[in-house]
Structures are given as C-alpha cells and as structure tokens.
Amino acid sequence: MNQALSFEQLRSLTPLNALSEPQWRLLRDQLVPQPLLAGQWLFRMGDQAPQTCFLLAGTLLLRDEAGREERLVAGSPASCHPLSPALPRRQEARALTDASVLVIDGATLDNLLTWRLAFQDLLLELDEGDGEDGWLEAMLNNPLFGKVPVDNVRAMFERLQVLELPAGSVILSEGETGDCCYFLKRGRVEVMRGTGSGQQVLAELEAGACFGEEALLADAPRNATVTLLEDGCVLRLDRGDFFALLKAPVVAEVGLGEAARLLASGAQWLDVRLQEEYERGHALEALNMPLHLLRLKSRLLDPARAYLCYCDSGKRSASATFLLVQNGFRAYALCGGVDALPAVQRDALLCDSGPGYLARSDGRVERSR
C-alpha cells in the first residue's frame, strides 16, 4: 500500500481528525503508510525522533521500562491514537506480524493542529458565504500567522483596505519603498524581477497569497514587481498595522513547582487538548476546554480564580493563555507543555483518565458522570 490515506481513513485517527482537508493536503507526502515486517522495530526505548506514529494494520508489541507488555491490534480504539507520544519514548514497539504504520513529523503536525484549533471559530465567523472562503484558510496558513493570537488577526481584518482591481494592474513595483503588504482574495498575480530583456518571472500566486511583507520585515525596497493577471481583489495592510498586529504574544509561563504553589492557593488546571487526548490522561481535577471551544466555554470559568493551561507541546496552551488574559482572566501556561517534563513528573501530572470534570455556570467544578 503506497497511496496516501483517504480523508475517510484520516477521520478515524486522533488528533489528525481535527485538521481540515486543506491541511491534510499539506501533509499529503507524509500520509503514505509504511510497511513494517514481523520482528522489525518501529522505535526503541528512549528514542527522541520527533515523529507521530499510528498503527494501521497488523499487531505491535509495546513494552515499557518496567517490562510490562501490551499487544496493540490495528482497528482497536487504542490504535486510533499516537503510539507512545511522549519524548523520549517510554516504550519500545516491535511488530509481531507484518504491519503497516503511518509516521508523521511531529512538529509539523503540532503546528497545523495548533493553527486549526486556534483559528477554527474565526474561519466560521469570517466566512462570507460567497463561495470564496477557501482564500481565507490559505491566507491564514501563511507562516506569518504561526504565532499571532486570534484576537490580533480579528483586529487585522477590521483594518484591511479592500481594493477591486482590473487585470494588468501593477500592485507593487520593484525598487519602491515598502509601506504596506497585500493579501490576494481573488484572482492571480505574477511576480517579476528586472526590467526590459532582463525580466524574469519568479512566481505566479493564487488566492490566499501574501506579498509585499518581505520589504516590511527587512526594511528594504521592494525586490519584485507584482501584477494582476486577471480581474481580482486584494486586501491592503499598512506598515504600522502590520507590525502592531502580526507579532507573537507574550504570555506568563510557569514550571511545575510554581504551578503546585498556585494550585495550593486555589488555581485550577485547564487542559486545552482535544477531548480524546484529555480522556487518555489528564491532571487531577483538570477541566477540559479544547482550544477551539475556549472562547465559547470561558464564560463558565470563575474570574476570581487563576487557571493553569497545558497541552502536549505548550503551543496550544500559550494561545489559550493569551485568549484568557485578553478576556480578563488570570492565566498561566505550563512552560514547554507536558512533553517537556521528565517521565516521572509527566506520569504524576497526567494521573487521571476518563471523562473528567465539568465547569458549571456558577464557577463550580464537578466530576462528570
């Protein structure tokens, strides 16, 4: 089997099922199952390769450092989750039968997942219902937005100037001063460098593309000319707004020791991972409010209480912390996420499992049934 997994197959794997179809297409080269022969190792104890692995077919033997063994069969509920996700690996995995596995770069997956969960409600909010919403997701997938808080992006849309232009319009000219950047909402543009017989076509960009930002970031003249190839629509963002809005937030982070002190003073753990991730292991009495639902569910939180946000890598919890602080809460992110903790501390933190706890409208926390 050397073809990429279908979207239907991807929908059965957590957390891949939280990504959108355009994001799956970005991962397409990595979504090809890999064969594993009986007796072959998938990974060893202590392995630190940043890869997320899923069992698609066959049977694996998982063994931890205490010698405890677990047979994992493809198609079982456990096989729908990443294999031994914490790094360094606290288990070793060997194929008992010929098997098939999916191996994805963990950092890439985490970036896409954090982006999707952070921007999901914004995509729904800004969808204009005109059949052109694909440009928006393509635009927000630009690395420029990788660490930008959602509220900043929302504010940015209020400051964009919409320009409807005919084919042949020169939007940027090589050598001019960079005082803004553009996002292409509709149409195609050609990027060229040089003049006369020395002109060279560098690229052709489609809806969702950003251009002109290099001159702003480098504080240098435009290095290319950009021309519309067909009637189109571009969104202009001024230099001042670019630097004011497209910057990473600064959030308060705490280590496990400081977190323990805050918990003793009445703080509350807030797990911002997906429900399926939460149920496999979470902090004692931790509330589960996935990042993409946090804006809606934060009204259930107690404004007088401090909240300690955590996820696997620390990226989702940083976005969650920024959102809570913007909404008047006292919040902190666990520095580096749970994956940065030593194995003993990680196990001690994620000591509970199952449905967990719910927040009520009066600020109470109670166990779900």
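FYI, it's all coordinate maths here, none of it is from the lab. What you see is a predicted model; the values in this text were computed from it and never measured. Note that each Cβ is placed from the backbone with ideal geometry, even for glycine, and that neighbours are counted across all protein chains shown.
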**Study point:** Cα-centred dipole magnitude for segment 7-107, charges only on beta-carbon of K, R (+1) and D, E (-1), debye, nearest 20
**Key:** 60 debye
Exercise for review: Compute the distance in nm between two label points, each set 7 Å from the Cα along the Cα-to-Cβ direction, one at Glu258 and one at Trp41.
Suggested key: 3.9 nm
Exercise for review: Can you bin the chain into rounded, prolate or oblate? Criterion: square roots of the alpha carbon gyration tensor eigenvalues sorted a ≥ b ≥ c, rounded for a/c under 1.5, prolate for a/b above b/c, oblate for the rest.
Suggested key: oblate
Exercise for review: Calculate, in nm to one decimal, what Arg360 and Val73 gain on full extension: separation in residues at 0.36 nm each, minus their alpha carbon distance.
Suggested key: 99.5 nm
Study note, to complete from the structure: With a ≥ b ≥ c from the Cα gyration tensor eigenvalues, square-rooted, and the rule rounded for a/c under 1.5, otherwise prolate when a/b > b/c and oblate otherwise, segment 253-367 is rounded
Practice item. Provide the net charge surrounding Ala343, with neighbours chosen by a C-beta distance below 12 Å and charges set as Lys +1, Arg +1, Asp -1, Glu -1. Key: -1
Check your understanding: Fully extended, how many nm does the chain gain between Ala66 and Arg28 (0.36 nm per residue separation, minus their Cα-Cα distance)?
Key -> 10.0 nm
**Study point:** Förster-model FRET efficiency, 45 Å R0, Ala49 and Glu164, C-beta, rounded to 0.05
**Key:** 0.35
Point to revise | Unit charges on C-beta of K, R, D, E only; dipole of the chain, Debye | key: 1180 debye
Practice item. Would you mind ranking Trp135, Trp41, Trp269 so that the residue whose beta carbon has the fewest other beta carbons within 10 Å leads the list? Key: Trp41, Trp135, Trp269
Check your understanding: What's the extension gain from Ser20 to Cys80 if we count 0.36 nm per residue and subtract their Cα-Cα distance?
Key -> 19.8 nm
Practice item. State, to one decimal in nm, how far the label point of Leu284 lies from the label point of Arg186, with both points 7 Å from Cα in the Cβ direction. Key: 5.9 nm
Review point. Which net charge results when you count Lys and Arg as +1 and Asp and Glu as -1 among the other residues whose beta-carbon is under 11 Å from that of Leu216?
Key: -4
Review point. What distance in nm separates the simple spin-label points at Leu229 and Gln275, each placed 7 Å from Cα in the Cβ direction?
Key: 4.5 nm
